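Here is the structure we will look at.
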Amino acid sequence: CWKGVTHSFRPIDCKCDGQEKVQRAYFMLVSNAQYYAGAYKVSGQAAVDDGLLDIVLLKKRGLWQLICFAWHLTRGKLDAFAGVDHVQATSVKVCGDALHHVHVDAEYVGEQRVEIAAVPGGFRVIV
């Protein structure tokens, strides 16, 4: 619990779709669906079949920003939170040599360099 209070919030610099423009965030959530961890709405624009990742970037560091982010996320109002940028892209790459703590599908996988890409048609659901 105290780790969140003392966390240093290192910056995460990333590029979307290979663009030259670097975006800075202090927390990044990448999804291909509207919901994160089952119950939390990330983006009303997200669709699993659109070939795009939905990337949410927390723009400012600090405990208060993280609390506001969590409040909006748990109430399904993340789209309305001015403290985040929403980006849709086919890929995102974290720049630089720094390793970042990474969770994949709610599992901690350690400190990693990150590059994520959507694979159109890469997921099939059989009913």
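The values are calculated or read from the model by the stated rules, or taken from the named source; none is laboratory data. From a predicted model like this one, the values you see are computed outputs, not experimental measurements. Glycine also receives a Cβ, built like all others from the backbone with ideal geometry; neighbour counts cover every protein chain displayed. Just the protein is used for accessible areas: all its heavy atoms, side chains included, with ligands, DNA and RNA removed. Shrake-Rupley method; radii C 1.70, N 1.55, O 1.52, S 1.80 Å.
Restricting attention to region 27-52 and to residues that are assigned to a loop (DSSP other than H, G, I, E, B) and hydrophobic (A, V, I, L, M, F, W, C), the residue that is most open to solvent (accessible area, probe 1.4 Å) turns out to be V48. Put simply, of V87, V104 the only residue that is out of contact with any Gly (no Cβ under 7 Å at 6 or more places or on another chain), within 12 Å of L29 (Cα to Cα) and either open to solvent by 60 Å² or more (accessible area, probe 1.4 Å) or of a type in the set (F, W, Y) (or both) is V104.
R24 satisfies every condition listed in (1) among the basic types (K, R); (2) outside any strand (DSSP E or B); (3) without any contact (Cβ under 8 Å) to a residue 60 or more places away in the chain except (2). Given the structure, is K60 within 19 Å of R24 (Cα to Cα) and in a loop (DSSP other than H, G, I, E, B)? Yes, satisfied. Against the numbered list (1) closer than 20 Å to P120 by Cβ; (2) in contact with a strand residue (DSSP E or B) (Cβ under 7 Å, 6 or more places away or on another chain); (3) not in a strand (DSSP E or B), F69 comes up short only at (1). Residue-level check: of (1) open to solvent by less than 60 Å² (accessible area, probe 1.4 Å); (2) without any contact (Cβ under 8 Å) to a residue 40 or more places away in the chain, A80 misses just (1). Being at pLDDT below 85 and under 18 Å from A47 (Cα atoms) is the filter here; which residues of region 85-118 pass it? Scanning region 85-118 gives a single hit, D105. Consider region 107-123 and keep the residues that are of a type outside the set (A, V, I, L, M), in contact (Cβ under 8 Å) with a residue 24 or more places away in the chain and closer than 24 Å to E20 by Cα. The one that is least open to solvent (accessible area, probe 1.4 Å) is P120. Is it the case, given these coordinates, that I55 is assigned to a helix (DSSP H, G or I), out of contact with any helix residue (DSSP H, G or I) (no Cβ under 7 Å at 6 or more places or on another chain) and of a type in the set (A, V, I, L, M)? Taking the combined requirement at face value, the residue does not satisfy it. For W64, the stated conditions hold: it is at negative phi and exposed (fewer than 11 other Cβ atoms within 10 Å of the Cβ).
Within region 90-99, the set of residues being open to solvent by 20 Å² or more (accessible area, probe 1.4 Å) and in contact (Cβ under 8 Å) with a residue 24 or more places away in the chain comprises T90, S91, K93, C95, G96, A98. When only residues in region 92-127 that are of a type outside the set (A, V, I, L, M) and touching a Cys at 6+ places or on another chain (Cβ under 7 Å) count, which is farthest from K15 (Cα to Cα)? Per the stated criteria, the residue is C95.
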